[in-house]
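Since the structure comes first, as structure tokens, the remarks are kept for the end.
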Amino acid sequence: MVQLVQYSDSKISVWQSAFAGGLAGAFTRAVAQPLDVLKIRFQLQIEPISSKKGSKYSSMMQAIVAIVKDEGFCTLWSGHVPAQLLSISYGILQFSTFEKLTQLCQKSDHDFYIAHSHWINFNNGAIAATIATIASFPFDTVRTRLIAEEKTRKAYKGFIHAFSTMAKREGPSALFKGLVPTLGQIAPHAGIQFAVYKLFTDNLLRQIEYFQRDTIGTSECSLMANLIAGSIAGVVAKTMIYPFDLVKKRLQIQGFQQHRQNFGKQMYCNGLLHCIKLTITEEGFLALYKGYGPSMLKAVLVSALHFAVYDEIKHLMLKMQR
């Protein structure tokens, strides 16, 4: 019975996977955007995340109050348009590519896939995420700039203006600042995420009757199981690659520091290794994990909802086909 369920995904088309992935990405982004704003503001702060003099942000609650008071409630959704475009395009490409690669692996050697499914899920997830990241990366850079700017001294009027201004003044390559550390993190991050998620949904939780739901001829993991598995997958993956995310954000605002003067000290670096060196030298090793708190909350929320919403949409589409 379990073996039958493992291959039920082959019934869903690549286009259906793309639709489900895009919709799941849009939904989770709308819910989690404020946590993303907090995470990025923390990552870009050179001073300690504490109540020490000179630190603009000292805790999650204090940061929320300060942002709303100084820049307005809507600032918590800064960069939401490019963030949505990022999530939708990334979700479409990631899930459709993952499903297509999985189908190809199942068809090429069915027995080999069963024996090595965890490693195959890891590799397929890494490849899918790499393709999705490169294609959607300009949206990520523009989002970071819009979140990083002080709303009382705006540099950009919105997404289109930011996109065109960056391309015109700094060159098209500016839209891909931080791509190297991103690719360094995204492949293992997505690989770990998919592998852990599939480990729990295809093996561990599926063996527990409470987490099963019956469909015609098969049994599938319930919504609760998908949420739990997605949360665990998100935490494990994010913890392992977090420093790369911090470095990426700091590289993305190079050349933009003049619009962040009221946020405190600014870092000027020339690349990945220089950024890591300056961060550790000036702020200590643990500075590579600045913003980890809101990032973990976001990872739990986004991963749980992303996988769960995606699987729920797939479940509904498969149910409609029967």
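For GLN212, the amide hydrogen comes within under 5 Å of the amide hydrogens of SER222, counting only partners 5 or more places away or on other chains and with H modelled in the peptide plane.
Only helices enter the 222 nm calculation for the chain: every DSSP H run of n ≥ 4 contributes -39,500 (n - 2.57), and dividing by all residues gives -23500 deg cm²/dmol, rounded to 500.
For Rg/Rh (Cα atoms, Kirkwood Rh), computed directly from the structure shown, the correct entry in (1) 0.94; (2) 1.00; (3) 0.97 is (2). Measuring between alpha carbons in the structure, the pairs from LYS157/LYS314; LYS100/LYS277; LYS39/LYS314; LYS154/LYS177; LYS69/LYS177 lying more than 29 angstrom apart are LYS157/LYS314; LYS100/LYS277; LYS39/LYS314; LYS69/LYS177.
Can you check what the net charge comes to around MET296, using other residues whose Cβ is under 11 Å from the Cβ of MET296 (Lys, Arg +1; Asp, Glu -1)? Could the numbers behind the result be given before it?
On the way: positive: LYS39, LYS238, LYS298; negative: none.
Net of charged neighbours comes to +3.
Please order PHE285, PHE98 by the number of other Cβ within 10 Å, starting at the fewest.
Working: PHE285 10, PHE98 24.
By the 10 Å Cβ count, ascending, the order reads PHE285, PHE98.
If I take every Cα pair under 8 Å that is 6 or more residues apart in the stretch 219-322, average their sequence separation and divide by the length, what percent do I get for the relative contact order? Provide the component values of the computation, followed by the final result.
Values: 71 pairs, mean separation 50.2, N = 104.
The value is 48 percent.
Peptides 153-166, 233-246, 258-271, ordered by how many other C-beta atoms sit within 10 Å of their residues on average, highest first, read 233-246, 153-166, 258-271. In plain terms, the chain from LYS277 to PHE176 could stretch by 34.2 nm, reckoned as 0.36 nm per residue minus the Cα-Cα distance.
With each label modelled as a point 7 angstrom along the Cα→C-beta vector, the ILE208-THR152 pair spans 5.0 nm. Sparsely packed loop sites in the stretch 122-191 (the GluC sites (Glu not before Pro) outside DSSP H, G, I, E and B with at most 16 other Cβ atoms within 10 Å) comprise GLU150, GLU170. So, R0 is 25 Å and r is the distance between the beta-carbons of ASP70 and ILE160; what FRET efficiency does that work out to, to 0.05? Plugging the Cβ-Cβ distance into 1/(1 + (r/R0)^6) gives 0.45.
With the contact rule set at Cα under 8 Å and sequence spacing of 6 or more, what percent relative contact order holds for the chain? Numbers along the way, then the final one.
On the way: 484 pairs, mean separation 87.1, N = 322.
Relative contact order, the chain: 27 percent.
The modelled label-to-label distance between LYS100 and SER55, using points 7 Å beyond Cα along the C-beta direction, is 4.7 nm.
Each value in this text was obtained by applying a stated rule to the coordinates, not by laboratory testing. Because the structure is predicted, anything quoted here is derived from the model rather than measured. Neighbour counts are summed over all protein chains in view; Cβ atoms, including those assigned to glycine, are modelled from backbone coordinates with ideal geometry.
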